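The values are calculated or read from the model by the stated rules, or taken from the named source; none is laboratory data. Here the structure is a predicted model, which means the values were calculated and not measured. Virtual Cβ from ideal backbone geometry, glycine too; neighbours counted across all protein chains shown.
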Amino acid sequence: MKSISLFIVTAYLALQGGLVVAQETVVAAADRAPVNDGLPNPGFTITKGDTAFVVTDPQVDFLSPEGVTWGVVGKSVTANNTVRNLEHLFKAAHDSGMPIFVSPHYYFPYDHNWKFEGALEVLMHSIHMFDRAGPLDLEGFDGSGADWLERYKPYINNDHTVVTSPHKIYGPDTNDLVLQLRKNGISKVVLAGMSANLCTESHLRELVEQGFEVMIVTDATAAAITEHYDGYAAALTNFRFIASRIDTTETIVSEIKAAF
């Protein structure tokens with residue numbers, strides 16, 4: 001049998017004109033959707049009226065070399081072209097009239113008084129990630145690590161994009177994202193943003209538990225990669241296991257334009 005180094009090839013019999021059909025296995029990656037990888041593909045169709053684009057943490061601290069996490073997320077953000085891909089998705093949704101919801105991450109001074117924290121909470125607080133002067137105070141906000149990346153501002157700072165209250169750890173359990181989605185008649189979510197194995201995955205899990213149909217745009221997210229751990233690889237596996245579908249920015253931008 002011919003050896004194929006790039007992909008595992010699975011041969012199977014199918015009654016399609018009496019032919020034997022060989023279908024190669026494509027394992028999910030940031031830049032490719034899975035094919036014949038041994039898991040079901042439930043599918044997800046973008047439809048006008050009930051589908052929204054949801055973005056987690058499109059903020060300077062995650063997505064800019066000036067951000068406090070760039071030392072660990074920069075490699076993944078760069079490899080996935082996350083900044084560019086998020087912009088393409090924002091633009092497609094904005095130009096077509098697709099509802100956009102942004103779930104940001106902010107810390108106010110009193111959040112630094114927490115008596116116990118998980119590993120990454122300790123890190124985020126110690127490097128003053130997403131810090132703001134207060135919930136009603138925008139002093140020093142513009143251009144700070146908590147601010148939107150500049151290129152995204154036209155798609156967020158307008159009269160129709162919904163910016164939810166901040167989530168405080170990773171998921172939307174403590175903010176009003178679910179309420180805002182339901183009040184707007186949304187039942188299906190195209191999800192992207194930062195960071196893959198923390199806030200994005202936590203939003204995926206909670207939205208699924210709340211009865212939403214969710215798909216992930218795999219190259220419009222990224223995660224920390226350290227000496228011993230790869231956050232993006234961990235997230236990608238769970239995206240494939242949990243979401244109704246995972247696919248790339250190029251494909252989803254085309255589908256948004258076609259649906260709206």
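Quick one: what pairs do we get from segment 161-174, first residue farther than 9 Å from residue 105 by Cα, second in a loop (DSSP other than H, G, I, E, B) and of a type in the set (S, T, N, Q), C-beta under 6 Å, 6+ apart or different chains?
164/175
Return the only residue of 246, 252, 186 being assigned to a loop (DSSP other than H, G, I, E, B) and out of contact with any His (no Cβ under 7 Å at 6 or more places or on another chain).
186
Name the residue, out of 46, 127, 100, that is closer than 18 Å to residue 243 by Cβ and surrounded by 13 or more Cβ atoms within 10 Å (Cβ to Cβ).
That would be 46, the only listed residue that is closer than 18 Å to residue 243 by Cβ and surrounded by 13 or more Cβ atoms within 10 Å (Cβ to Cβ).
When you look at residue 144, is it crowded, with 18+ Cβ neighbours inside 10 Å and of a type outside the set (A, V, I, L, M, F, W, C), yes or no?
yes
Tell me which of these residue 185 doesn't satisfy, since it passes every other one: (1) under 22 Å from residue 50 (Cβ atoms); (2) surrounded by 14 or more Cβ atoms within 10 Å (Cβ to Cβ); (3) touching a Gly at 6+ places or on another chain (Cβ under 8 Å).
Going through (1) under 22 Å from residue 50 (Cβ atoms); (2) surrounded by 14 or more Cβ atoms within 10 Å (Cβ to Cβ); (3) touching a Gly at 6+ places or on another chain (Cβ under 8 Å) one by one, residue 185 breaks only (2).
Could you tell me which of the residues 116, 130, 141 is under 19 Å from the mean Cα position of the chain (by Cα), over 17 Å from residue 100 (Cα atoms) and of a type in the set (A, V, I, L, M, F, W, C)?
Of the residues listed, the single one that is under 19 Å from the mean Cα position of the chain (by Cα), over 17 Å from residue 100 (Cα atoms) and of a type in the set (A, V, I, L, M, F, W, C) is 130.
Condition check ((1) within 23 Å of residue 231 (Cβ to Cβ); (2) in contact with a helix residue (DSSP H, G or I) (Cβ under 9 Å, 6 or more places away or on another chain); (3) of a type in the set (Lys, Arg); (4) assigned by TED's automatic domain parsing to the domain that holds residue 220) across all residues:
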site: 60; (1), (2), (3), (4): yes, yes, no, yes
site: 68; (1), (2), (3), (4): yes, yes, no, yes
site: 73; (1), (2), (3), (4): yes, yes, no, yes
site: 80; (1), (2), (3), (4): yes, yes, no, yes
site: 85; (1), (2), (3), (4): yes, yes, no, yes
site: 89; (1), (2), (3), (4): yes, yes, no, yes
site: 98; (1), (2), (3), (4): no, yes, no, yes
site: 106; (1), (2), (3), (4): yes, no, no, yes
site: 110; (1), (2), (3), (4): no, no, no, yes
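Only residues that are buried (at least 18 other Cβ atoms within 10 Å of the Cβ) and more than 16 Å from residue 57 (Cβ to Cβ): list them for segment 206-221, please.
212, 213, 214, 215, 218, 219
Output the qualifying pairs, or none if there are none: Cβ atoms under 8 angstrom, residues six or more apart or on different chains, first residue in segment 137-152 and more than 25 Å from residue 92 (Cα to Cα), second residue β-branched (Val, Ile, Thr) and surrounded by 12 or more Cβ atoms within 10 Å (Cβ to Cβ).
Qualifying pairs under 8 Å: 144/60; 145/60; 145/68.
Out of segment 55-92, which residues are under 21 Å from residue 106 (Cβ atoms) and β-branched (Val, Ile, Thr)?
55, 56, 60, 68, 69, 72, 73, 77, 82, 83
Which one is nearest to residue 56 (Cα to Cα) among residues in segment 94-137 that are hydrophobic (A, V, I, L, M, F, W, C) and modelled with pLDDT of 95 or more? Show your work before the answer.
Just the residues of segment 94-137 that are hydrophobic (A, V, I, L, M, F, W, C), to begin with: 98, 100-102, 108, 114, 116, 119-120, 122-124, 127, 129-130, 133, 136.
Filter once more, keeping what is modelled with pLDDT of 95 or more: 98, 100-102.
Numbers: 98: 17, 100: 11, 101: 9, 102: 6 Å.
Taking the candidates together, the pick is 102.
Which members of segment 57-80 meet the condition of being under 19 Å from residue 216 (Cα atoms) and in contact with a Phe, Trp or Tyr (Cβ under 9 Å, 6 or more places away or on another chain)? So that I can check it myself, show each step before the final result.
Step one: filter segment 57-80 for residues under 19 Å from residue 216 (Cα atoms), giving 57-59, 62-63, 73, 76-80.
Matches in segment 57-80: 57, 58, 59, 62, 63, 73, 76, 77, 79, 80.
Looking at segment 227-236, which of its residues are in contact with a strand residue (DSSP E or B) (Cβ under 9 Å, 6 or more places away or on another chain) and either of a type in the set (Phe, Trp, Tyr) or crowded, with 23+ Cβ neighbours inside 10 Å (or both)?
232, 235, 236
Any residue that is within 19 Å of residue 34 (Cβ to Cβ) and either over 14 Å from the mean Cα position of the chain (by Cα) or modelled with pLDDT under 95 (or both) - is there at least one of those in segment 187-207?
First pass over segment 187-207, keeping only residues within 19 Å of residue 34 (Cβ to Cβ): 190-192, 196-197, 200-201, 204.
Filter again for either over 14 Å from the mean Cα position of the chain (by Cα) or modelled with pLDDT under 95 (or both), leaving none.
No, segment 187-207 contains no residue that is within 19 Å of residue 34 (Cβ to Cβ) and either over 14 Å from the mean Cα position of the chain (by Cα) or modelled with pLDDT under 95 (or both).
Can you name every residue in segment 203-226 that is in a loop (DSSP other than H, G, I, E, B) and β-branched (Val, Ile, Thr)?
Those that are in a loop (DSSP other than H, G, I, E, B) and β-branched (Val, Ile, Thr): 218, 221, 226.
Tell me, yes or no, whether segment 237-253 has at least one residue that is surrounded by fewer than 18 Cβ atoms within 10 Å (Cβ to Cβ), over 16 Å from the mean Cα position of the chain (by Cα) and modelled with pLDDT of 95 or more.
no
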